[in-house]
Amino acid sequence: MNEVVIAARDVAFTFGKGDLAKQVLRGVSLTVRPGEIVALVGPSGSGKTTLLTLIGALRTLEEGSLRVLGTELCQANRTQQLAVRRRIGYIFQAHNLMTFLTAQQNVRLALDLHPEIPPERRDALARETLGLVGLSHRLDYYPAQLSGGQKQRVAIARALAAGPELILADEPTSALDGQSGREAVDLMRKLARERGCPVLMVTHDTRVVDIAERVIHMEDGEVRDGGLMAIEQVRVAGEKG
Amino acid sequence: MRMFLLAWRQLTYQPGRLIVAVLGVLFANLLMFMQFGFQDALFVSASLIQRRLQCDIAVISPVTTSVYMSNGFSRRLLYRLRAHPDVEAVFPVCVGGGPWKNPWTGRPRTIFILGVDLQEATLDLPGMAESLDELRHVDTALFDAASRPEFGPVAEKLAAGEVVEAEVNRRRLRIRGTVKLGASFAADGNLILSQANFLRLFPERKAGVIDVGLIRLRSGADRAAVERDIRAMVGRDLRVFNADDYIRYERDYWADATAIGTIFTQGVFMGFLVGFVIVYQILHSDVTAHLPQYATLKAMGYSDASLTSAVMFEALIISVLGYGPGILLSLGLYQLTASAANLAMAMSVDRALQVFLITLLMCGMSGLLALRQLRRADPADVF
């Protein structure tokens, strides 16, 4: 764990088979180190979301090598995938909270996957984490009773509560207005810094790119310019789009 | 446990849907309990007479399928069996049906009539032994106090000291007492007469023809052996039963030879189907509505097995919530039916357990079918 969090080498991925096959990743290589905040940018269809789902062990990789948190995910079985998933905090484009659970119960759901956290500690930990995202006064609210920004903050709390070793985020601000988007991003950066937890984000949002220490640009299933791109360029691209 | 809690919260978040599902199970349970109850009552009541017969061995005509549709046989066939050294006594029984005219309203209704031997009480009924002598008088009868009320308040009037006479098969009978036998699907009420009075009531019947022959054996006799001997003695002329087999023969007739058993089974199946469809609808729409959320749970690291158990817990919760009120309401309906229709509607532990298992099966199958949706929840689609 002291070397790299994500090490991808020649990762290739194809959707479909035969004539309908569409290659979305053509030999991607990248690394993410502990504590890094990395933005993954690129036009839609460039394969960045596919890459993120592979790193998150949500898809099975058939070609190349992808080590995440020390586990080789190429040809990984279901048990290995589940184990990796539990060590990752996800923040989705849509908040995807359980509508029938309160904010606290939603966060608790993530903690319940960790037997090393004593059950009697979990509710307190859920409350603490919601406090960190400024929702101490909304613990018993259902998602339907929360604003969009608040819901995304619950989702961030859910991703962070169990102390993940990696945070993956896919367009975490796209469903939010300017103000709450900014707040969500600041929050993610603050919490990631405090905990030394690396973050990999897929985004179009320049505000998100601003907080990144490194930007990886993807196009047509490949990483461009050695994975580095001037923030200015992204900003221009973002303003155009 | 945490999946149980998840299932519970998911169900209770939308109480309206939960109530519909629970009502579906409740309705299915009511239907099943009533069908089973009626079926049991039918089988018990159909063999009510056989259950009361005081005999070791019974013989009937080989043509007879049910005592309510009896073919007679010659009394001599029965008396001949006294030749067996282990036979202590034989008693003939005649049966028939005739119109009873309600003495208070004048409305006729068919009543089942038993003509019995007066040497001793061959039916094990409270009040029978004491009243036998009453039947020696011409045109007298004992009335079954558990008959349907349409026959009139005979027992009440007798108890009040009044004289009750009724016209049966165009002949005036004096009711000299009551016994308690019970109505059945085939007979709304029963009347017990002496053989002599029975023949007065049915002058067209030949005197030497009886419907059931009852045989009592000496104490210490080898029943199975005597049964075999008697079977050999009567050959193809009569059908021979021990007491238990005779009950079963009557019961099986109603269960198998008629469509009644099938109809009740179909009723139970209908209940199952209704409950299954309702619970499936609820679970299916519940899973479908939460598909992205289930996918999120998978992405977080929840296994397929734990999500499966969440859905199955939902099914379990619905079954239990429906079954509780279902059995309570059924008990009430049993009482109501028992008093309104004089049918032996009784809840047994076996029956309660059987319906509970069927309910679990019903909800479990709904859950399993709804689970097919869950496989569509692909965590890769969440991003």
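The values are calculated or read from the model by the stated rules, or taken from the named source; none is laboratory data. As the structure is a computational prediction, the values presented were derived from the model and not from experiment. Positions of Cβ are generated from backbone atoms using ideal geometry, with glycine treated the same way; all protein chains shown enter the neighbour counts.
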Notebook entry, point to check: Conditions: (1) modelled with pLDDT of 90 or more; (2) assigned to a strand (DSSP E or B); (3) small (Gly, Ala, Ser). A:Gly27 meets all but one. Number of the miss?
Noted result: (1)
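This table checks each residue for (1) in contact (Cβ under 8 Å) with a residue 24 or more places away in the chain; (2) in contact with a strand residue (DSSP E or B) (Cβ under 8 Å, 6 or more places away or on another chain).
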| position | (1), (2) |
| --- | --- |
| B:Leu26 | yes, no |
| B:Asn29 | yes, no |
| B:Phe33 | yes, no |
| B:Ala58 | yes, yes |
| B:Val67 | yes, yes |
| B:Arg75 | yes, yes |
| B:Arg82 | no, yes |
| B:Val90 | yes, yes |
| B:Val93 | yes, yes |
Check: Which one of these is within 24 Å of the chain's Cα centre (by Cα), surrounded by fewer than 20 Cβ atoms within 10 Å (Cβ to Cβ) and either modelled with pLDDT under 95 or away from chain A (no Cβ under 14 Å) (or both): B:Arg82, B:Arg75, B:Arg9, B:Arg51?
Finding: B:Arg51
Note to self: Please pick out the residue among B:Ala196, B:Ala186, B:Ala221 that is farther than 30 Å from B:Thr110 by Cβ and either out of contact with any strand residue (DSSP E or B) (no Cβ under 6 Å at 6 or more places or on another chain) or assigned to a loop (DSSP other than H, G, I, E, B) (or both).
What the structure shows: B:Ala221
Next item on the list: Restrict the check to the range B:330-339 and report whether at least one residue is closer than 20 Å to A:Leu82 by Cα, buried (at least 21 other Cβ atoms within 10 Å of the Cβ) and either in contact (Cβ under 8 Å) with a residue 60 or more places away in the chain or more than 14 Å from chain A (Cβ to nearest Cβ) (or both).
Entry: no
Check: Yes or no: B:Tyr249 assigned to a helix (DSSP H, G or I), touching a Phe, Trp or Tyr at 6+ places or on another chain (Cβ under 9 Å) and more than 10 Å from chain A (Cβ to nearest Cβ)?
Finding: yes
Margin query: What pairs come out if I take residues in the range B:289-314 that are within 8 Å of chain A (Cβ to nearest Cβ) and pair them with residues that are among the basic types (Lys, Arg) whose C-beta lies under 6 Å away, six or more apart or interchain?
Written below: B:Gly301/A:Arg85; B:Gly301/A:Arg86
Next item on the list: For the range B:201-216, enumerate the residues that are surrounded by 15 or more Cβ atoms within 10 Å (Cβ to Cβ) and farther than 19 Å from B:Arg51 by Cβ.
Entry: B:Leu201, B:Phe202, B:Arg205, B:Val209, B:Ile210
Margin query: If I ask for residues that are under 14 Å from the mean Cα position of the chain (by Cα) and assigned to a strand (DSSP E or B), which ones from the range A:1-24 would you list?
Written below: A:Ile6
Item checked: Some residue of the range A:120-141 being without any contact (Cβ under 8 Å) to a residue 40 or more places away in the chain, within 16 Å of the chain's Cα centre (by Cα) and away from every other protein chain (no Cβ under 13 Å) -> no
Next item on the list: Would you tally the residues in the range B:362-383 being away from chain A (no Cβ under 14 Å) and either among the hydrophobic types (A, V, I, L, M, F, W, C) or surrounded by fewer than 18 Cβ atoms within 10 Å (Cβ to Cβ) (or both)?
Entry: 11
Notebook entry, point to check: Of the residues in the range B:12-29, how many are farther than 21 Å from A:Tyr142 by Cα and either within 14 Å of chain A (Cβ to nearest Cβ) or crowded, with 21+ Cβ neighbours inside 10 Å (or both)?
Noted result: 7
Notebook entry, point to check: Can you tell me which residues in the range A:123-171 are assigned to a helix (DSSP H, G or I) and farther than 25 Å from A:Ala212 by Cα?
Noted result: A:Asp123, A:Ala124, A:Leu125, A:Ala126, A:Arg127, A:Glu128, A:Ser136, A:His137, A:Arg138, A:Pro143, A:Ala144, A:Gln145
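Per-residue answers, yes or no, for (1) within 25 Å of the chain's Cα centre (by Cα); (2) surrounded by fewer than 17 Cβ atoms within 10 Å (Cβ to Cβ):
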position: B:Asn102; (1), (2): no, no
position: B:Ile113; (1), (2): yes, no
position: B:Thr122; (1), (2): yes, no
position: B:Thr140; (1), (2): no, no
position: B:Ala145; (1), (2): yes, no
position: B:Pro149; (1), (2): yes, yes
position: B:Leu158; (1), (2): no, no
Next item on the list: Output the residue which, of all residues in the range A:52-109 that are closer than 23 Å to A:Glu222 by Cβ and among the basic types (Lys, Arg), is farthest from the other protein chains (Cβ to nearest Cβ).
Entry: A:Arg67
Next item on the list: Output the residues belonging to the range B:96-139 that are among the aliphatic types (A, V, I, L, M) and touching a Pro at 6+ places or on another chain (Cβ under 9 Å).
Entry: B:Ile111, B:Val116
